[in-house]
1. May I ask you to say which residue of B:A186, B:A178 is of a type outside the set (V, I, T), surrounded by fewer than 24 Cβ atoms within 10 Å (Cβ to Cβ), in contact with an Asp or Glu (Cβ under 8 Å, 6 or more places away or on another chain) and assigned to a loop (DSSP other than H, G, I, E, B)?
2. When you go through B:K152, B:K196, B:K210 one by one, which is the residue that is more than 12 Å from every other protein chain (Cβ to nearest Cβ), modelled with pLDDT of 95 or more and outside any strand (DSSP E or B)?
3. Just checking, does region B:297-317 include any residue being out of contact with any Ser or Thr (no Cβ under 7 Å at 6 or more places or on another chain), part of a strand (DSSP E or B), without any contact (Cβ under 8 Å) to a residue 60 or more places away in the chain and over 28 Å from B:H390 (Cα atoms)?
4. Count, please, the residues in region B:108-118 that happen to be free of Cβ contacts under 8 Å to residues at least 12 places away in the same chain and more than 7 Å from every other protein chain (Cβ to nearest Cβ).
5. Could you please find all residues in region A:88-107 being in contact (Cβ under 8 Å) with a residue 12 or more places away in the chain and either part of a strand (DSSP E or B) or among the acidic types (D, E) (or both)?
6. Mind listing whichever residues of region B:34-73 are among the charged types (D, E, K, R) and either under 15 Å from B:S131 (Cα atoms) or surrounded by fewer than 21 Cβ atoms within 10 Å (Cβ to Cβ) (or both)?
7. Hey, among B:S523, B:S562, B:S530, which residue is at pLDDT below 95 and either touching a Lys or Arg at 6+ places or on another chain (Cβ under 6 Å) or outside the structural domain of B:V289 (by TED's automatic domain parsing) (or both)?
8. Quick check on region B:287-309. Is at least one of its residues within 14 Å of chain A (Cβ to nearest Cβ), on the phi > 0 side of the Ramachandran plot and not acidic (D, E)?
Amino acid sequence: MATPVMDKVEAQSAASPYITVTFRVRRFNPEVSAEATWQDFQLEIDPKERVLDGLHKIKWDLDGTLTFRRSCAHGICGSDAMRINGKNRLACKTLIKDINPEKPITIEPIKGLTVLKDLVVDMEPFFQAYRDVMPFLITKDTNEPTRERLQSAEDRERFDDTTKCILCAACTSSCPVFWNDGQYFGPAAIVNAHRFIFDSRDEAGEQRLEILNDKDGVWRCRTTFNCTDACPRGIEVTKAIAEVKRALITRRY
Amino acid sequence: MKIHKYDTVIVGAGGAGMRAAIEATKRSRTAVLTKLYPTRSHTGAAQGGMAAALANVEEDNWEWHTFDTVKGGDYLVDQDAAEILAKEAIDSVLDLEKMGLPFNRTPNGTIDQRRFGGHSRNHGEAPVRRSCYAADRTGHMILQTLYQNCVKEGVEFFNEFYVLDQLITEEDGVKRSAGVVAYELATGEIHVFQAKAVIYASGGCGKFFKVTSNAHTLTGDGQAAVYRRGIPLEDMEFFQFHPTGIWRMGILLTEGARGEGGILRNKDGERFMEKYAPVMKDLASRDVVSRSIYTEIREGRGCGPEGDHVYLDLTHLPPEQLDAKLPDITEFARTYLGIEPYTDPIPIQPTAHYAMGGIPTNVQGEVLADNTTVVPGLYAAGEVACVSVHGANRLGTNSLLDINVFGKRAGIAAADYSQKADYVDLPENPAEFVVSQIERLRNSTGNERVAELRRELQETMDANVMVFRTEQTIKTAVEKIAELKERYKNVAIQDKGKRFNTDLLEAIELGNLLDLAEVMAVSALARKESRGGHYREDYPNRDDVNFMRHTMAYREVGADGSETVRLDYKPVVQTRYQPMERKY
């Protein structure tokens, strides 16, 4: 039996934890100016705090006009995907200490979607691509079973990874193909198609594959792996896209 | 200002709102208004599961589930509603499975089930496996599945539309719902939605506490909107403190961790729950476990240099089990604490989690204007509502159940009503209140800041109306809240623009939190007993003679414009179960 006395957290909490960091934030407000600019903010912060905590310190204590989306603050709701030091991350899942606080921390909106104000982008094209892959279970049986459909633990495991998606757009907005061509479905939509194509209960895999066989579909993927790196849920996005490509060739899934 | 006309308007797009929307859209022209995007709602943060007596892995039945719910709520539960909850649980889970929800499975392919706090076999004999789950992201899967089905059904969403006012017209003393007024975040434009039926499904109000599992956006907007218009709020003194929040941060670590065998330990490594709940131990109800943790801390057995937390110990569980059953919460420990749960215990403390109280409704989701009178056209479901199935303390896994059972019921009832009812005329200047509220905040030259007032509110709530309360601490909170409400009149914002003005939004949210904090504290002060989540050190026993009744709080406005909370009470519906001493 473990009998804990001291642990890492306690060992660290003795000294004053605060350090001074610079947040370099991309600002844009068309009500004020047509141009986007960089603005620096200095703040005192515990390096174990989140980037989101830093943004809140700015908004609450320094500049109430700074605008960003956020809700749950622990990586579940998908509101606060942004580009932090050039990489797509969730602000609420990124600790200051993990992103080199010695240098200014740059914070920009995610790319490839129209910026509306500061870190807020237009999410509508992203959700439209999601809706286009028919992201819901489709079954042909007209007689609903009285109990649950059976599914083996192995069949359930087959698509587990892609059920984790929180639709934060970190993957899609990290994809160079998406940046250059907004028509591309993007990784998130393919992930959500994968979630149903490989669900043994679903019967519309062929339809979804045909949608993704389109010129703006899965073949546009250049296997850059940006999406996999960006996913805050640890989904193997590129692998999921590859499985959809393979299913298109073999028609087995 | 734009005016829209819909049969049914749903306020909020979490689990209850979307479950209602799926039903209402099939039956009536429906609009769903949410201040976020639907998939951002806090249903997605629920982890452990959804209770239903499927009996897939061991003997179980809905009557045992009803009993556990009533006992868990310390007998303040309306037993007719609890019976509906437990009976309809089974179809609710099966509905979700048919919609595509990827539940974990048993070896024979049925939905797997696990243990959870307060859920027992045969009226308290031993823990029972009743929670249907999808790893430790059941809420995420429910939110995604409901959204997917809303896409399938073509539900019409108005995303980032913040409902600021409920329109009620009163004729011959009869209140009727006429619609709602919303603020479009992207443009700052005001929209009036005239509707035959309105369903509130806008969630909780936990942000008046500092250490909380709640999202930043859970600011009680729905409760505040109807309360301001003369609708009472029921049982607001009952707030649940979940035993296992991440130390200082409040991030939820599911009770499923203890359902899988996790153990709470004090600084001596002692499994202290054995002292407080000999049968259910770590799986006693949440109010009992949270009080036990604070008792350990107060008596000097807390962990760390300041002795201000205890440990959730998962180190004896096989890593494969943690990976398969608790992947998200173990990841939280790694991300936010730098702790490896395979080998190290996780520092935790109770975290403000769930409002048992809310807008009073009957079992059809119809909102009540007093103890018995229905407000035609007005509905509520989920955490915003008080049916009351949770009484003085909600059992874990009963909230994901509540949103599905009563979300569906409210969706059907509202749409049926809107198919036969006429529109109620809008008031002459329907957006008047919202326009003046926004203009006042935008033009204010006051010297108070939203963030500072909110900090002070959260600090006083944590210090004075948390797990342990006394007359003195609650009075301190009541006085502080009154001071903050006065200072709020002088609050100013920096962002004066129209586009995505979240500065303005936070100021409005703070006003809602202040109103609800006041209702909570005043209700708590008057309840001179201890029951469920409301524990008074100066009245440590349950008092069924004087307090086996629901609190009904009304907003009263004096001739001079002063606001007070007036309390009344409503009888509890008791059917099969007589109150007994509550032991776990």
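The values are calculated or read from the model by the stated rules, or taken from the named source; none is laboratory data. Since this is a predicted model, take the numbers as computed values, not measurements. Using ideal geometry, Cβ is built from the backbone for each residue, glycine included, and neighbour counts are taken over all protein chains shown.
1. Unique residue meeting the criteria: B:A186.
2. Selected residue: B:K210, the only one of B:K152, B:K196, B:K210 that is more than 12 Å from every other protein chain (Cβ to nearest Cβ), modelled with pLDDT of 95 or more and outside any strand (DSSP E or B).
3. Scanning region B:297-317 turns up at least one residue that is out of contact with any Ser or Thr (no Cβ under 7 Å at 6 or more places or on another chain), part of a strand (DSSP E or B), without any contact (Cβ under 8 Å) to a residue 60 or more places away in the chain and over 28 Å from B:H390 (Cα atoms).
4. 1
5. If the condition is that a residue be in contact (Cβ under 8 Å) with a residue 12 or more places away in the chain and either part of a strand (DSSP E or B) or among the acidic types (D, E) (or both), then A:N88, A:R89, A:L90, A:L95, A:I105, A:T106, A:I107 are the ones that fit.
6. Those that are among the charged types (D, E, K, R) and either under 15 Å from B:S131 (Cα atoms) or surrounded by fewer than 21 Cβ atoms within 10 Å (Cβ to Cβ) (or both): B:E58, B:E59, B:D60, B:E63, B:D68.
7. B:S562
8. yes
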